[in-house]
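Here is the structure we will look at, set down as structure tokens.
The values are calculated or read from the model by the stated rules, or taken from the named source; none is laboratory data. This structure is a prediction, so every number in the text was calculated from the model and none was measured. Positions of Cβ are backbone-derived with ideal geometry, glycine not excepted, and every protein chain shown enters the neighbour counts. Protein only, heavy atoms only, side chains kept; ligands, DNA and RNA dropped before computing areas. Shrake-Rupley method; radii C 1.70, N 1.55, O 1.52, S 1.80 Å.
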Amino acid sequence: MGSRGRGRGRGQGGTFSMEQLGVQKGEGMPTAVLQPPPVFPPPEYRPLPLSTGPRQEYLISAKRDLRSYMRESPFHIKQRSASNWLSGLVTKIKEDERVRNEDAPMFSSCCWSQFPKELIPVAEGGKARKRKVVKRKKSAVKADGTDILEKLSKLEETGDGGPTVEKEAGSDEETDDEDDENKDKKGMLGIEEEEQVEEVDEEMDGGTDYANNYFDPGDEYADDGDDDNDEGGVY
Amino acid sequence: MSLQQNKLCCLIVRELFGEVAESVTHLLLRGAAPLNRVCPPGVMKQKAKRALAALMHHGLVNFVSQGSLVLYSIDALAVQRILRYPRYLQQMKDNFSDICESIIQELMNHGRLPLSAILFTVGCRVFALDPSKLAVPEIEKHFKLLRKEGFIEQCPRVTDSESYLKNNEELVPSFVSKVVIEVDVKAEAIHERIVSSAADEGDHPDKNILWRISGSRFDAQIRDSIVIEAAVRKTDELGGALVKKMLSDSSSRLHQDPIVGDISFFVLKSDILKLCLNSLAEKLRDYLEVLQSGTLKIVRKIGDSGGGQYAIALKDTVDVLTAYAVRSIVQERHGTKAARVFALMLDNAFVDQEQIQQTALIPAKEAKVLTYILSENHFASVREMRKSVGAGAGAMKSVYLFHVDLPHVVRGLVERCEKSLGNVLCRKEAEVMDSERLMDKKRRVDALLKTLVEQGASQEELKEVDAMITPPERDLVTKVNYVLDKLSSAELEIDSTLLLFQVYLEFDEMAKRKRSSTRGRGRSKRAKAS
């Protein structure tokens, strides 16, 4: 279209002869290609074999050592991936095994002083929060389910029940009181208590704990410390 | 930073430091960023911080404070060096001792350590092998040697760690300008602790003075070893020893110069006699003669005083070796004939199609195909030259000249190496993921067996535990391990090529900078004169 007005130059610019590209007349041209090339074309030449020998063996074993060391070390940090529920469960189980490893200090405390302050974990704060949460869970669960019955009846009375935040706060206070009362009981109950935890936990899922990750077993729940991004696990 | 390099860095970090660190690395590779921009979405901040600290501890991430922010940046070169760690260890084993190797290995595993912790762990290792050989002062001597040679360097020291941790005002610690202090470790106490097999209580007197390995020094060491190997291939072991001697005189510097180790003939001879290489000293002249002839000129004569001044032409050697490496890559990828055409282009700066056909003794049509393949794969570049045929203007004829722009080709190959390294690592990760549970089981059974043996369990019990892994599982474990080893081997081989290319590009950059600076100086002189 652009060359329409310039009649004279058109013949030269628009076509080219095959001779210009170095193809002689009468030489066979390749046939038209009607399909895309293969994604993995077979290599024209086979690659050379890898070198072997004691030196190479040494290098490989050194590599293996470094790898296995680092993977077991506290430097290796795994993310809880929960793309589907099964893999989420599997990784969760594995993580629980690893928890000890991950909580282990990466290096002695003096090394932390080499880093910017924002990176240094606040050990005390994290611990306090953890204890609190565990307490709440246990106490909410232990009293033969009476707690929950009470709460449910209360909810029925109030009808709509008001905003969830209030409910949560209420149950928290209650459970804390309960906790103090039942302190000596707890020691005696021991294993029974644990069993109850599992039983009642399912009910709790609909109640106060709905914001938690479904696959979180109660005791290790607060290990993640910072709960900024913790809500709404992706199932 | 290229895309491939970024991907490779992410994969390396993933392999050793896990997924969280990988996503942190990915974000850091975009450029220096503060903490809240480094936290990947969907990852808990605590974990991201931990990952960042782990990377920092291993010297892969650095920080600077800027106003009220702390900016983090990643050192991609340091990340790539992790692939080379086995080679570093091998250098230690070859040139120094097993103890040096252990020291370096400890530092690689832990990132940074105080001297007494190194002495303790290495001592434990020696003690486990042979209790009679344990000598902590001996290990300390090895450590000092490595420090003198520059393989180990001191981390910047915090001025006052106690007050920094207490003070909430300071965002980052302040560091003392580099002072190497003599560390007084209580070698005897460490010795006692190892013998009594006490646990490492972590309270070291020198806990504030940390050490790490110096990657650039190790790279220089490997570069030297490449040159030495070239000399061995060109002559024999004695020639290699000669080059090694010449290089070692200057290896205290990180020699970035293209020519190193200026030494006179007689000094060299007396040095070699000191090394008890009498046969080499007798034929020294011949060896030097051979080493400075041919295409691969490792040694260069740079003066006549003192029986002749000789030096190692590092840059020239690396250039020639790189050209050879590229040539063999062409040969393995596109065949002998393509390699012949490529060599032709490399030797004669510019050649046209006619010349190629005639000189390479390849039929015209085939030669054209080969030239096409070479330029298609960016091994050859084409330059168009227009020359006027007649005296008058108008009749122009284009001539296409082919040539090899080696730095350009090498840059392309570096990219390719990084790509294939990335592929290998990806494959490795997939293999590991596929058989993760099986490998976990195997590891657990092994650990159980170990504890049982320690507790003195009976043969039957051991057998029973051992049978927990079924024969098909055992086969699978061996198979996976075989595949992983093969992939590791490929990784190492690619990396050795990559190192050569990187050294070449480094020298090339340096030469370019020098050229431009001298040109700049010339220009300013001229400006002054006018």
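Over all pairs of different C-alpha atoms in the range B:348-404, the reciprocal of the mean inverse distance, the Kirkwood hydrodynamic radius, equals 12.4 Å.
Distance from the Cα centroid of the range B:87-106 to that of the range B:286-340 is 29 Å (rounded to whole angstrom).
Work out, step by step, the length gained on full extension between B:Lys441 and B:Glu460: first 0.36 nm times the residue separation, then minus their alpha carbon distance; give nm to one decimal. Walk me through the numbers on the way to the answer.
Values: separation 19, 0.36 × 19 = 6.84 nm, distance 2.04 nm.
Net length gain for the segment: 4.8 nm.
Counting Cα-Cα pairs of the range B:398-468 in 10 Å increments starting at 0 gives whole-percent bin shares of 16, 21, 16, 15, 12, 10, 6, 3, 1.
When the trypsin sites (Lys or Arg not before Pro) in the range B:1-52 are filtered for DSSP coil states and for at most 13 other beta-carbon atoms within 10 Å of their beta-carbon, the remaining sites are B:Arg30.
Each helix, a run of at least 4 DSSP H residues, gives -39500 (n - 2.57); summed and divided by the residues of chain B, these come to -21000 deg cm²/dmol at 222 nm. Overall form of the range B:102-239: oblate. Here a/c, set by the Cα gyration tensor axes a ≥ b ≥ c, is 1.5 or more, and a/b is not larger than b/c. A full extension of the chain between B:Gln66 and B:Asp304 corresponds to an added length of 80.2 nm, given 0.36 nm per residue minus the alpha carbon distance. Size descriptor for the range B:5-52, Kirkwood hydrodynamic radius: 10.5 Å (Cα pairs only, one decimal). For the residues B:His57, B:His191, B:His334, B:His408, a 1.4 Å probe over the protein chains yields an accessible-area ranking, largest first, of B:His408, B:His191, B:His334, B:His57. Pairs of Cα atoms nearer than 8 Å and 6+ residues apart set the relative contact order; for chain B it is 11 percent. Amide H contacts under 5 Å for B:Val399: B:Met385, B:Arg386, B:Lys387, restricted to partners 5 or more places along the chain or on a different chain, H placed in the peptide plane at 1.01 Å from N. In a shell of Cβ-Cβ distance under 11 Å around B:Val38, excluding B:Val38 itself, what net charge do Lys and Arg (+1) and Asp and Glu (-1) give? Surrounding charge for B:Val38 is +3.
Taking chymotrypsin sites (Phe, Trp or Tyr not before Pro) across the range A:43-72, the ones in a DSSP loop with at most 16 further Cβ atoms lying within 10 angstrom of their Cβ are A:Tyr45. Each of A:His76, B:His378, B:His142 has its accessible area taken with a 1.4 Å probe; listed largest first, they run B:His378, B:His142, A:His76. Above 22 Å, the calculated P(r) of the range B:410-518 contains 57 percent of its Cα-Cα pairs.
With respect to chain B, whose longest principal axis is taken over its alpha-carbon atoms, helix B:336-347 is tilted by about 70°.
Taking the Cβ of B:Arg300 as the centre, find all other residues whose Cβ is under 11 Å away and add up their charges (Lys, Arg: +1; Asp, Glu: -1).
Values: positive: B:Lys297, B:Lys301, B:Lys315; negative: B:Asp262, B:Asp316.
For residues surrounding B:Arg300, the net value is +1.
Pairs spanning more than 24 Å between alpha-carbon atoms, out of B:Lys245/B:Lys301; B:Lys234/B:Lys486; B:Lys7/B:Lys49; B:Lys49/B:Lys450: B:Lys234/B:Lys486; B:Lys49/B:Lys450. Each label was represented as a point 7 Å from its Cα along the Cα-to-Cβ direction; for B:Glu354 and B:Asn278 these points are 6.4 nm apart. Could you tell me the distance between the Cα centroids of the range B:407-449 and the range B:215-240, to the nearest Å? If we compute the Cα centre of each part, the gap is 29 Å. Of the trypsin sites (Lys or Arg not before Pro) found in the range B:222-296, the ones in coil according to DSSP and having at most 12 other Cβ atoms within 10 Å of their Cβ are B:Arg253.
Here the relative contact order of the range B:410-518, from alpha carbon pairs under 8 Å that lie six or more residues apart, stands at 51 percent.
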